[in-house]
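These notes are about the structure you will find just below.
Read-outs throughout are calculated quantities, based only on the coordinates presented, and are distinct from any laboratory measurement. Source: prediction; values computed, not measured. All Cβ positions, glycine included, derive from the backbone under ideal geometry; neighbour counts span all protein chains shown.
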Amino acid sequence: MKNEKGMKIPEMRKKLEFRIKINIWRILLFFVFLILFLPFVLSLIELGKTSTNVDISQALNDIKEGKITEVLVQDEKLVLNYADGSTKFSVKEPSESFSELLSREGIEPSKVKYKVVDQSLSKTVVDILATILPVILFAVIFLFIIKAQNRAAGDIFSFGKSRARLFAKGKQNVTFADVAGVDDAKKELEEVVDFLKSPEKYRKIGARTPKGVLLFGPSGVGKTLLARAVAGEAGVPFFSMAGSEFMEMLVGVGASRVRDLFAQAKAAAPSIIFIDEIDAIGRQRGRGFIGGHDEREQTLNQILVEMDGFTPNDNVVVIAATNRGDLLDPALLRPGRFDRRVVLDMPDKEGREAILKIHARGKKFSVRVDWGKIADRTVGFSGADLENMLNEAAILAARANRKGIELEDLEEAATKVKLGPAKKKLQSEEDKKITAYHEAGHAVVSYFLPKMDPVERISIVARGMSLGHTLIPPAADRTHETRSRLLSQITAMLGGRAAEKIVFNEMTSGAANDIDKATSIARAMVVEFGMSDLGPLNLGPQYDVSEFGKMEWYEPANISPSMQEKVDLEIKKIVDSCYQEALKIVRTKRKKLDAVVEELLRKETLTRDEFEKILKGE
């Protein structure tokens, strides 16, 4: 039996008993130290009290003169009570009695009121404690060290145990209704859920349960959330473990944990094992520098055996997630292990709209939000980006003491997620003007290019590492890019440099990132896409291609120096022609550029409507 967090009840009981024992030992040690140091503390207190000591000769003189009314004799210590109500202390020789001391000084003992206090018992007790307590203390410390060593030895043997977190049946409250934007992946996994719910239905026909499902896709698209939804829909025990948790400093621990994990899952079958970031242990073998005895490879070998080895593995489905599926070992991907490979992409418009509606639950909005328009505004956002955007919008609304989220909060949150928070960076008037012309150059050139999407926002407010930005999000989700559109993108990127050249007859470092991106696109057109006069040739590095994309291992391009020179010339020709096009647009539209800059310096940020009104002369 297990709790909601996946911890076994006996394990909880053992941990609770261990904590109680630790607390008892701590209390015992506290009392031992208290008893041991109590005499020392008391002696310090007494030492503080005896700060008004008088010499024995002065004390005897005061007795002769009748200043002292009573004397308490505590072994060698004398407590002197004076007639004025004060109390002082003195010390005599331990071997001499107080009466003998008075007689030697010529004082009749019968005329002095004194009382001898017997402290032999207390001294005996203190002496015994001072002898026994150190022995007891050292014995307690010794036992504590022995127990700690025993626990450490037990921990060594527990390294091989699985660290998976178990979510018991019915305790996983995430379902397919909480997942959006990955409809194709959901359909694939619905069949796995049906297998787990009704295995007999498939066995009668002769079908077997899929051994494994690999979820592959970029970060933030919902791989882990989808795995949790499968567990919630199937209503079976769900073992969750990260790939890095298999590895420890001891050799053989990873393989041992794999065996223990599958043993637990088989005992609880039907069940699901979820391994997040499986590329940490599932990378292709033989690519490392350590060799076949690498601990990671031993762990991978054990997973391969457990998933489809000599021992049958029925009613246990392994779901793994990774964003580096191109690095996985081929033996892990063959049928019988990961039978199904589900690719998750960035959500399209309908998917983004559905994701936004899910994450908008529980949030208050001051206006009615058209989620379709928000989905159009957030092309390229993953599910995690959209969730973060709505959370940032709620934070902005709360910070402004508004009762609900406004549209301006959503707009600012989308920009913040994409480019980073706005920074109040002090700039000189010259820098602001250069930044304004640079960003306006991007926007104006883009506006007058036939294949470019509309400019959504222009700003000279610093965000992240940039002093300003021009947002030109795709108007729709595209799969293919045409040559004319790529050339327009390069031209728009060089619009900032063109504006600097025309207006200031200068070049600034602000165009460095634009030039880098423009050159990358031009290079890809020549060496990968075959979009140049060199023809449809792949002139770039030779990659080992898999169904998941390009592998990270490749060979340098096998082309001659003369062909490489032609490649460089083609790249330069593309960039130069686009730059000349940008210069031409800036020259012919200089008045509109100046109007945009004037408004931009006044407002710092222009929306799409404001920008288009300026260019239309409104």
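From least to most packed, judged by other beta carbons within 10 angstrom and beginning with the fewest, Glu598, Glu387, Glu306, Glu429 follow the order Glu429, Glu598, Glu387, Glu306.
Of the trypsin sites (Lys or Arg not before Pro) in the stretch 416-445, which ones lie in a loop per DSSP and count no more than 10 other C-beta atoms within 10 Å? Intermediate results must be reported in sequence, preceding the final value.
Working: sites: Lys416, Lys418, Lys423, Lys424, Lys425, Lys432, Lys433; in loops: Lys424, Lys425.
Answer by residue number: Lys424, Lys425.
Can you give me the distance in nm between label points at Glu612 and Asn401, each placed 7 Å from the Cα along the Cα-to-Cβ direction? A separation of 3.7 nm, rounded to one decimal place.
Residue exposure proxy: His442, His359, His469, His480, ordered by other Cβ atoms within 10 angstrom of their Cβ from fewest to most, comes out as His480, His359, His469, His442.
Distance from the alpha carbon centroid of the stretch 491-543 to that of the stretch 303-362 works out to 37 angstrom. Loop-resident trypsin sites (Lys or Arg not before Pro) (DSSP state other than H, G, I, E or B) in the stretch 459-494 with no more than 16 further Cβ atoms inside 10 Å of their Cβ: Arg478. Other residues whose C-beta falls under 12 angstrom from the C-beta of Ala475 contribute a net charge of +2, scoring Lys and Arg +1 and Asp and Glu -1.
The share of Cα pairs per 5 Å bin across the stretch 450-506, counted from zero up to the longest distance, runs 4, 15, 19, 24, 20, 12, 4, 1 percent. Note that the stretch 407-422 has calculated 3J(HN,Hα) couplings of 5, 5, 5, 5, 5, 5, 5, 5, 5, 5, 5, 7, 10, x, x, 5 Hz, one per residue in order, obtained from phi through the Karplus relation 6.51 cos²θ - 1.76 cosθ + 1.60 (θ = phi - 60°); glycine and proline are x.
Label-to-label distance for Glu200 and Ala475 is 5.9 nm, based on points extended 7 Å past Cα in the beta-carbon direction.
Given a Förster distance of 60 Å, report the FRET efficiency between Ala384 and Ile128 from their Cβ-Cβ distance, rounded to the nearest 0.05.
Working: r = 70 Å, r/R0 = 1.16.
E(calc), rounded to 0.05, equals 0.30.
A straight chain from Glu429 to Ser97 at 0.36 nm per residue would run longer than the Cα-Cα distance by 109.7 nm. Near Val417, once Lys and Arg are set to +1 and Asp and Glu to -1 for all other residues with Cβ below 14 Å from its Cβ, the sum equals 0. Amide H to amide H, with H built 1.01 Å from N, Ile319 comes under 5 Å of Val213, Ile273, Phe274, Ile275, counting only residues 5 or more places away or on other chains.
What is the calculated FRET efficiency for Ser562 to Val343, with r their C-beta to C-beta distance and R₀ = 45 Å, to the nearest 0.05? The partial results should precede the final answer.
Values: r = 41 Å, r/R0 = 0.90.
Once the sixth-power term is evaluated, E becomes 0.65.
Net charge in the neighbourhood of Gly496 (other residues with Cβ under 12 Å of its Cβ; Lys, Arg +1, Asp, Glu -1) is 0.
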